[in-house]
Amino acid sequence: MRKPDFSRRRQTVKNKLQPFDAINNVLLLLLSFVCVYPFINIAAVSVSDGVQVMSGKVYLLPQGLNLETFKYIFSTPRMGITQGMFNSLFYTVVGTVFAVCLTFATAYALSKKRVKGRYAIMMLFLIAWIFDAGLIPNYLINQKLGLVDSRWIMILPGAISTFLLIVTRSFLDTLPYELEESAFIDGANDLQIMGKIYFPLSTPVLATISVFYAVNIWNSFLTPMIYLRDKALHPIQLILYNLVIRPDPGSTTMENVISDGYTLLPKNIEAAVIVLAIFPILLVYPFAQRYFTQGMLLGSLKG
């Protein structure tokens, strides 16, 4: 009996798939270009001469390349760009470190079976996560706590995310209990076990939640708009909103500016601030990406 020629069949299927793969790759490249083009265009406008921008010649590559727009926005104190960048970096760095430490400590405690009432505590987190109190009650509570017009409004209320708490606790549940038993036998306490054993082993999930917290704080817009009336406390996102959506009629950003022979349009200035608001977060992902997926997968093994 003649055996079927599977190799020929595989070759036929492979030949049929090649045209599909080519079309699929082209479509994905086009989709990627559509997603990336707005940022490329904004970056090109931010370093182009305003005359070229006004004439509609700036698409992918800058025309009349210069950095005068960035020099202008950083040398104009009334725009508040320097202070806004400092505020955003402060909120992001301090808020992320505080949130990661608090989330990890809480997840460590809730992952221990000997902790009484841990399921009830976790249920309280879930209820607060699902049933939000609403904007007005939150505002009244934060006002009573003295967080209005305070830097801490950007750090304390969002210090623990229930979703990231679940991810961290699930990851800690996958670590062998024998590590803790051995440490207890050697005379270590819970704080030492958490800091010297579990913390170093949790690098993937820590990197994951750090990225989530950092992106959330950096992109935070509604919280500063509601609670921060003092312009000296505004992050770069709120400054960008005021510049693009609610510009001051008497501001110089509403007019064309001549700087070292280059014409700067309001569009140049807006594009430069957008680049400043986006660029720091883009720097984070390449370094944390390998931990990002790994941490999410490890944290989802157990519920």
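Just for segment 134-150: of the residues that are surrounded by fewer than 14 Cβ atoms within 10 Å (Cβ to Cβ) and in contact with a helix residue (DSSP H, G or I) (Cβ under 8 Å, 6 or more places away or on another chain), which one is modelled with the lowest pLDDT? Checking each candidate, the answer is 135. If the condition is being out of contact with any Ser or Thr (no Cβ under 7 Å at 6 or more places or on another chain) and assigned to a helix (DSSP H, G or I), then segment 221-236 contributes 222, 223, 224, 225, 226, 227, 231, 232, 233. Only helices (runs of 4 or more DSSP H) whose full extent lies in segment 30-112 are considered here, and the ones with at least 1 residues that are under 25 Å from the mean Cα position of the chain (by Cα) are 68-74, 81-110.
Screening residue 224 against (1) at pLDDT below 75; (2) within 20 Å of the chain's Cα centre (by Cα) leaves a single unmet condition, (1). Which of the residues spanning segment 161-187 are crowded, with 16+ Cβ neighbours inside 10 Å and part of a loop (DSSP other than H, G, I, E, B)? 161 - this is the single residue of segment 161-187 that is crowded, with 16+ Cβ neighbours inside 10 Å and part of a loop (DSSP other than H, G, I, E, B).
The values are calculated or read from the model by the stated rules, or taken from the named source; none is laboratory data. As the structure is a computational prediction, the values presented were derived from the model and not from experiment. When we count neighbours, we look across all protein chains shown, and the Cβ atoms used for this are built from the backbone with ideal geometry, even at glycine.
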